[in-house]
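The values are calculated or read from the model by the stated rules, or taken from the named source; none is laboratory data. Just so it is clear, the model here is predicted, and its values are computed rather than measured. In this analysis, Cβ positions are derived from the backbone assuming ideal geometry, glycine residues included, and neighbour counts consider all displayed protein chains.
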Amino acid sequence: MAETTCYEPVVDRSSLRACYSNDVRSDLPDTDTTAVTIEKPSRSRTRRKIVFVSSKVVMSRCQFGKWLFLCLYLGLACLCNFAVIAYTHDFATRQPLPDFLFALFPEQEWASRLGDYMVTATVACFILLLIFHRSRSVVARRFMFIAGTLYTFRSITLLVTQLPPGYENNRLRCREQVNLTFGLFLSRVAEQAIRAGFQEKIGMLCGDMLFSGHTLSMITSALCIAYYLPHRWRMLQWVPHVLAGFGMACMIISRTHYTVDIVIGYWLSNFVFRVYHAFCEVDIFMERRKSVLYDMWIFWIVEWLEDDVVPGRIENKFEFPFDALLRLLLRDEAVKHHKQISISSASTFNLP
């Protein structure tokens, strides 16, 4: 008998769910794969419906919302850090506290700038990994959420407790304390934002102690590199770890941070990173909700961010950045130039 073929685009997520609810099972390894739905045939007529699922239609809105949330989350967390530093500068005292390692090593001013270089080098290594990793979007989203969470923690610790800077001559290294005005506050925040948190070594804003931001950046970058490096490149993970270790030592001997600042920054960065990935490595979605971690409300957000990622540890592979763009263009071209396939109602084989 005659067959009727119709091509209908998927316009929303409910239509996509309908593809899975029919008798035909279709496996979609990625968002650009074509899904086929076929209505039950009758004796008199066979009606076949082919539905093309495009990543631009189905996933674009969801992905845009996630990226918008992460950019706002990380941006506000960094802005809060700059605001807290601008505010606490005029309240922290100038008498340094005793420190065990300060008593063992004299202050080395040159190490402060070298520590900044170590931060830059470690973050640059992570960016290089991000460029060549095949799942770069997943890695970037996870890094942004972890960094935003840690910077939020840091803002809270700096705001509730102000420790004096640890330099031998705090009055020379730190700016003069004044009665803070709103205009001065905004200028300090803008200065911090332009410098990305780095400061001049003379006449700086002081009071950002207790949680080292340098350690946060270095440890989070080093952990991401170690976790997402392909197995054949595993030895390269020691490069950012050595840079981070040397950078933390520079922070202490230059007295940019107390030893406790480094310890808190190291342990909190490790904790947030490993707990996040422990949740992601639960390889069944329903098991995640049974996990003790799901009792923490923040993991409701993590579940939303990870709902388009296959549960478990992602496959670590390198590829050139333009390969992904070329592959996407070829897939879209394959969807546009499709071929009609005739399936007879008298077929004796079962559809997959």
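Here are the numbers for the structure shown:
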read-out	value
Neighbours by Cβ (under 8 Å, 6+ apart or cross-chain): first from the range 155-170, more than 15 Å from V84 (Cβ to Cβ) and touching a residue at least 12 places away in the same chain (Cβ under 8 Å); second of a type in the set (S, T, N, Q) and surrounded by fewer than 21 Cβ atoms within 10 Å (Cβ to Cβ)	P164/T93; P164/Q95; P164/N170; N170/Q95
Residue in the range 203-213 that is within 21 Å of P164 (Cβ to Cβ), more than 24 Å from the chain's Cα centre (by Cα), in the same structural domain as A86 (by TED's automatic domain parsing) and part of a helix (DSSP H, G or I) present	no
Residue in the range 136-156 that is assigned to a loop (DSSP other than H, G, I, E, B) and modelled with pLDDT of 90 or more present	no
Search result, residues across the range 214-246 that are of a type in the set (A, V, I, L, M), in a helix (DSSP H, G or I) and in contact with a helix residue (DSSP H, G or I) (Cβ under 7 Å, 6 or more places away or on another chain)	L216, M218, I219, A222, L223, I225, A226, V239, L243, A244
Unmet requirement for S187, which otherwise passes all of (1) free of Cβ contacts under 8 Å to residues at least 40 places away in the same chain; (2) under 24 Å from F105 (Cα atoms); (3) in a helix (DSSP H, G or I)	(2)
Test: Y227 is in contact with a Phe, Trp or Tyr (Cβ under 9 Å, 6 or more places away or on another chain), within 27 Å of L293 (Cβ to Cβ) and in contact (Cβ under 8 Å) with a residue 40 or more places away in the chain	yes
Identity of the residue in the range 122-132, in contact (Cβ under 8 Å) with a residue 24 or more places away in the chain and under 19 Å from I219 (Cβ atoms), that ends up surrounded by the fewest Cβ atoms within 10 Å (Cβ to Cβ)	V123
Residue list for the range 162-173, restricted to those being outside any helix (DSSP H, G or I) and surrounded by 17 or more Cβ atoms within 10 Å (Cβ to Cβ)	Q162, L163, P164, P165, G166, Y167
Test result for E176, closer than 26 Å to I127 by Cα and assigned to a loop (DSSP other than H, G, I, E, B)	no
Hey, Q177 closer than 22 Å to L97 by Cα, of a type outside the set (D, E) and surrounded by 17 or more Cβ atoms within 10 Å (Cβ to Cβ) or not	no
